[in-house]
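The values are calculated or read from the model by the stated rules, or taken from the named source; none is laboratory data. What you see is a predicted model; the values in this text were computed from it and never measured. Counting neighbours? That spans all protein chains shown, and the Cβs are built from the backbone with ideal geometry, glycine included. Just the protein is used for accessible areas: all its heavy atoms, side chains included, with ligands, DNA and RNA removed. Shrake-Rupley method; radii C 1.70, N 1.55, O 1.52, S 1.80 Å.
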Amino acid sequence: MMDKGWTKTTCPYCGVGCGVLARPKADGTTEVKGDLEHPANYGRLCSKGSALGETMSLDDRLLDPMVDGRTATWDAALDLVADKFRDSIEKHGPDSVALYVSGQILTEDYYVANKLMKGYIGTANIDTNSRLCMASSVAGHKRAFGSDTVPGAYEDLELADLVVLVGSNLAWCHPVLYQRLVAARKTGGTKVVVIDPRRTATCEIADLHLAIAPGADVALFNGLLAHLTSRGKIDQHYIQEYTSGFGDAVKSANSLSMEKISEVCGLREADIRQFYELFEATEKSVSVYSQGVNQSTAGTDKVNAIVNCHLATGRIGRPGMGPFSVTGQPNAMGGREVGGLANMLAGHMELGNETHRRIVQDFWGSPGIADAPGLKAVDLFEAVADGRIKAVWIMATNPVDSLPDADKVRAALKDCPFVVVSDVTRHTDTTQVADVLLPATAWGEKDGTVTNSERCISRQRSFLPPPGEARPDWWQLSEVGKRLGYREAFSYSGPREVFAEYAAMTGEENHGNRDLDISAYANVSDDDYKDLAPFYWPQRHGRGRGVTRFFAEGQFYTSDRRGRFVETPFRAPSSRVSSDFPLVLNTGRIRDQWHTMTRSAKAPRLTAHYAEPFLEIHPIDAEKYGLEPESIAKVTSQNATVLLRVAISDSQRPGSVFAPMHWTDQYASLARIDSLIASHTDPVSGQPESKFTPVAVEPYAARWFAFAISVAKPELPSSGYHACAPIKAGYRVEIAGVEQIDDWQDFADQLFALGSENDEVLTYRDEKSGQFRFAHIKDGHLAAALYVSKTPVSASRNWVANLLGAKLEPPERLRLLAGRPGEDMPDPGAIVCSCFEVGVNQIVDAIMKQGCTSVDDVGACVKAGTNCGSCRAEIGKLIDEKSVSKAG
Ligand code: SF4
């Protein structure tokens, strides 16, 4: 759909699923803005979405099929994939092959992948990285509702009087949804409770923050169920008419006294009571939960403990009420809908249900169908490791970095006889272990549909031609399907045909007994598919496109149509801290990066927010373990060791530390966080425990620290600590080492590989303090600079980075060597507002010197927070901190 050159599409990042308008520009870049008509965002975009246009370059794009590191034709590569898969199936059976896909691929891609594996190859060994993200929500929904149904919609957060955010840093991970909540709170006074071990940016709007001990959520919600019951604040009518299992669930919930809950949760009884009384008194309550709930060995129980409270109060499926799982990825929901998980079939049908298997097989007319659930993600890679799986095809994901016990996964893939990777990026930690690389189409080139966290299906539309030999994932899968002998079943002419087939399947023998039904689109025409506006499912009989909700009057999808209370006895996390590993590591996202950074790190204004991997640690623990501010920490678990920059913060609980999960070997020397994580999983969902890893921390005994900028990519040392981030005119690098460097000039020469007799070189040395500073100027323009110190370098990084590539006059050369702007040129400090590149020092000045007392005041003064709004929570935090220091 085109309007003055703009194409309506959907953001490829998080599960909010914002509508985006995109328009290619004459200079090859792309302009983006929020789609005012999209029901997820009504025109808003967060910092990542706003920067999408800056991530479209073809740098490091995979543009040709490659076999054993050499360019190949599509025919040669696809023939090889089909031959190797066929060979393995014939010799070792269908379960010897596997597909590992991703919440980044489109619903049409997912559908074809499932059809190929489950219907034609005859194995359910297809799983997705969504297993790492929300499998516990799926399992919890199925236990309670009989189906994987999200009962409510985003507008429920705006209609609620109380929003409880459990294990969700909404401000950073679902920023536009957070902004909708902030706006609703401003006008309606919504109360917000945040349940999270960390004081995250989301806590800026919290009326109550419960800094719960990691892994204790089940105890807290069991206590809530017991409290509601003892106070008679339950909906007897709803319980009796529409549910079963209430008595047993309450009995189980009652097993912990308030004193014990307080102890397990590490919270004061008074704070717990405040939460319980708020929930009790507020009918319009929504409980939003995310990875903090899901990524746990008790993840499914956590989901059910929350859902139990909503069933008991009948607060479900009505405006402003309900449990609400928000997904991490743009199409985690679409994947769930077409059977992306190893235990599901398309159309929310069950692999373990004979009738469902028959319906699907008849619909496809396939020779057979997998008759047992396949291997879930962690088990799937264990099967690669022990040789049961001999050929694996990885699509749009980076398991060498994102799976727990990531070093073992890398070793398993290296040893696997045949590894295929379909991706858009040439160099990832996973493409390095592939035998065959298949170039996929990227955002802007892809065409299909995605489903967001509120069951809204939207089109991702192409507005750019595929570069080089890039091809859609559904096409790649279909071509292999044809080569395996299933020509008719995979002869799709385009994504419209795939979508129509999937839509038709959802209506097969569905008389309202399955939640997912979009059969209204079974005959969607090319034009209608092209113009398809976002719609909520179900769409059975031409119902409107508006918001739909489930379960206000029961009608669950269990055998007796009753919702189930589930007993959720509290279990402590499967790992324990010990004297060897005394701290609990929590992992998660940061505001401006996405997954393993393959796209988001291309936008310099996103890397300016956090340019290197870090470890957040409470001041008490930092002191206890000898970690100085800005130094490097060595973080060790039973599985591995990583090196991270120390960020001391009282937003951590003592005893807990946090590290982001984004950095890979492509951007840092030793920061693959999932290498630390053990492969412990939830027994029901198979989701790994990514939020509770016992670790030890100690100072990395660096003899020197360095900060560098360079127009060309620097040649980084092969040992020690380093992290490299793209910036506007080149790269910025942090380095630290334990080895003595005798000649810093030689070090600089090797790092930058510059060197021409006509260039100017500025140096400053102070042997006593270990300071060395160096700048390389080419034709009057800054080409590289290096700052070395025995202690963490104190240069004004963003100021220095902004000089790269610029013409330098003599006074600036002196300031450059000093690493600081003069009095007349204030240092912006670390970037907080990535839209207008406003740094922390500018915001602090606005608060301290200009007297700004609100986020809006700061916006009026320095523009920060006035575009996408993603930084407003951080600005609010600075106002709180600085107001206290002013008062003091
Ligand atoms: Fe994209 Fe941000 Fe919207 Fe998520 S909230 S879909 S990342 S624009």
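For Val150, are the conditions met, namely being open to solvent by less than 10 Å² (accessible area, probe 1.4 Å), under 21 Å from Cys18 (Cβ atoms) and outside any helix (DSSP H, G or I)?
yes
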Test: Ala608 is more than 18 Å from Arg653 (Cα to Cα) and of a type in the set (A, V, I, L, M):
yes
Tally of residues being within 13 Å of the ligand (Cβ to nearest atom) and part of a loop (DSSP other than H, G, I, E, B) across the stretch 169-208:
2
Given the criterion outside any loop (DSSP other than H, G, I, E, B), buried (at least 19 other Cβ atoms within 10 Å of the Cβ) and without any contact (Cβ under 8 Å) to a residue 40 or more places away in the chain, identify the matching residue among Ala489, Ala503.
Ala503
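Pick out, from the stretch 570-674, the strands (runs of 3 or more DSSP E) lying fully within it that include 1 or more residues that are modelled with pLDDT of 95 or more, aromatic (Phe, Trp, Tyr) and out of contact with any Asp or Glu (no Cβ under 9 Å at 6 or more places or on another chain).
Details: elements: 583-588, 614-617, 632-636, 641-648, 656-660.
The strands (runs of 3 or more DSSP E) meeting that bar are 614-617.
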Say we look at the stretch 74-95 and pick out the residues that are closer than 22 Å to Ala470 by Cβ and touching a helix residue (DSSP H, G or I) at 6+ places or on another chain (Cβ under 6 Å); which of these is surrounded by the fewest Cβ atoms within 10 Å (Cβ to Cβ)?
Ala82
Selection status of Ala98, among the aliphatic types (A, V, I, L, M), part of a helix (DSSP H, G or I) and either more than 16 Å from the ligand (Cβ to nearest atom) or under 30 Å from Gly368 (Cβ atoms) (or both):
no
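Being over 22 Å from the mean Cα position of the chain (by Cα), closer than 23 Å to Thr123 by Cβ and crowded, with 18+ Cβ neighbours inside 10 Å narrows it down to one residue among Val419, Val378; which is it?
Values: Val378 fails: over 22 Å from the mean Cα position of the chain (by Cα).
Matching residue, one of Val419, Val378: Val419.
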Among (1) in a helix (DSSP H, G or I); (2) within 16 Å of the ligand (Cβ to nearest atom); (3) not small (Gly, Ala, Ser), there is one condition Lys8 misses while meeting the rest; what is its number?
(1)
Please enumerate the residues belonging to the stretch 381-397 that are farther than 25 Å from Arg487 by Cα and over 24 Å from the mean Cα position of the chain (by Cα).
Ala383, Val384, Ala385, Asp386, Gly387, Arg388, Ile389
Given the options Val695, Val684, name the one that is open to solvent by less than 50 Å² (accessible area, probe 1.4 Å) and at pLDDT 95 or above.
Val695
Qualifying residue in the stretch 585-603 (condition: open to solvent by 10 Å² or more (accessible area, probe 1.4 Å), more than 16 Å from the ligand (Cβ to nearest atom), of a type in the set (S, T, N, Q) and touching a strand residue (DSSP E or B) at 6+ places or on another chain (Cβ under 6 Å))
yes
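Within the stretch 712-749, work out how many residues are part of a loop (DSSP other than H, G, I, E, B), in contact (Cβ under 8 Å) with a residue 12 or more places away in the chain and either open to solvent by 70 Å² or more (accessible area, probe 1.4 Å) or more than 24 Å from His609 (Cα to Cα) (or both).
Here is the first cut: in the stretch 712-749, the ones part of a loop (DSSP other than H, G, I, E, B) are 712-720, 728-729, 738-743.
Applying the additional criterion that residues be in contact (Cβ under 8 Å) with a residue 12 or more places away in the chain yields 712-717, 719-720, 728-729, 738-741.
Remaining after also requiring either open to solvent by 70 Å² or more (accessible area, probe 1.4 Å) or more than 24 Å from His609 (Cα to Cα) (or both): 713, 715, 717, 719, 728, 738-741.
Residues meeting the conditions: 9.
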What's the number of the condition Val286 fails, among (1) at pLDDT 95 or above; (2) surrounded by 23 or more Cβ atoms within 10 Å (Cβ to Cβ); (3) part of a helix (DSSP H, G or I)?
(3)
Does the stretch 232-252 contain any residue that is open to solvent by less than 30 Å² (accessible area, probe 1.4 Å), over 21 Å from Gly563 (Cα atoms) and either in contact with a Cys (Cβ under 9 Å, 6 or more places away or on another chain) or in contact (Cβ under 8 Å) with a residue 40 or more places away in the chain (or both)?
no
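Within the group Arg70, Arg61, which residue is more than 9 Å from the ligand (Cβ to nearest atom), farther than 26 Å from Ala725 by Cα and surrounded by fewer than 22 Cβ atoms within 10 Å (Cβ to Cβ)? If you could, list the steps in order and put the result at the bottom.
Working: Arg61 fails: farther than 26 Å from Ala725 by Cα.
Criteria check complete, one pass: Arg70.
Every residue, every condition in (1) in a helix (DSSP H, G or I); (2) more than 19 Å from Asp207 (Cβ to Cβ); (3) among the small types (Gly, Ala, Ser), yes or no:
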{"position": "Ser252", "(1), (2), (3)": "yes, yes, yes"}
{"position": "Lys260", "(1), (2), (3)": "yes, yes, no"}
{"position": "Ala270", "(1), (2), (3)": "yes, no, yes"}
{"position": "Thr297", "(1), (2), (3)": "no, yes, no"}
{"position": "Lys302", "(1), (2), (3)": "yes, yes, no"}
{"position": "Ala305", "(1), (2), (3)": "yes, yes, yes"}
Test of understanding: among Glu37, Glu31, which residue is away from the ligand (no atom under 12 Å from the Cβ) and assigned to a loop (DSSP other than H, G, I, E, B)?
Glu37
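From the list Thr763, Thr693, pick out the single residue that is under 20 Å from Ala818 (Cβ atoms) and of a type in the set (S, T, N, Q). Talk me through it step by step, then tell me what you get.
Details: Thr693 fails: under 20 Å from Ala818 (Cβ atoms).
The match here is Thr763.
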Selection within the stretch 11-25 - in contact (Cβ under 8 Å) with a residue 60 or more places away in the chain, under 14 Å from Pro534 (Cβ atoms) and more than 8 Å from the ligand (Cβ to nearest atom)
Gly19
Only one of (1) away from the ligand (no atom under 16 Å from the Cβ); (2) open to solvent by less than 20 Å² (accessible area, probe 1.4 Å); (3) not charged (D, E, K, R) fails for Gly122. Which number is that?
(2)
Condition first: closer than 25 Å to Val288 by Cα, in contact with a Pro (Cβ under 7 Å, 6 or more places away or on another chain) and surrounded by fewer than 24 Cβ atoms within 10 Å (Cβ to Cβ). Now tell me which residues in the stretch 14-46 satisfy that.
Pro39
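Tell me the residue from Gly374, Gly335, Gly340 that is at pLDDT 95 or above and touching a strand residue (DSSP E or B) at 6+ places or on another chain (Cβ under 9 Å), please.
On the way: Gly335 fails: at pLDDT 95 or above; Gly340 fails: at pLDDT 95 or above.
Exactly one residue qualifies, and that residue is Gly374.
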Consider Thr300 carefully, then state whether it is within 16 Å of the ligand (Cβ to nearest atom) and hydroxyl-bearing (Ser, Thr, Tyr).
no
Checking Met117 against (1) assigned to a helix (DSSP H, G or I); (2) closer than 26 Å to Lys691 by Cα, only one condition comes out false. Which one?
(2)
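Residue under question is Ala98, and the condition is that it be surrounded by fewer than 24 Cβ atoms within 10 Å (Cβ to Cβ) and at negative phi; does it hold?
When the stated conditions are applied, Ala98 does not pass them.
Considering only residues that are of a type in the set (Gly, Ala, Ser), within 10 Å of the ligand (Cβ to nearest atom) and out of contact with any Lys or Arg (no Cβ under 7 Å at 6 or more places or on another chain), which ones fall in the stretch 42-58?
Here is the first cut: in the stretch 42-58, the ones of a type in the set (Gly, Ala, Ser) are 43, 47, 49-51, 53, 57.
From what's left, within 10 Å of the ligand (Cβ to nearest atom): 47, 49-51.
Passing the criteria: Gly49, Ser50.
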Got a number for residues in the stretch 153-189 being surrounded by fewer than 24 Cβ atoms within 10 Å (Cβ to Cβ), among the hydroxyl-bearing types (Ser, Thr, Tyr) and touching a strand residue (DSSP E or B) at 6+ places or on another chain (Cβ under 6 Å)?
0
Residue pairs qualifying under the 9 Å Cβ cut-off, at least six apart or on distinct chains, with the first in the stretch 52-75 being farther than 30 Å from Cys11 by Cβ and the second being in a strand (DSSP E or B) and within 16 Å of the ligand (Cβ to nearest atom), are none
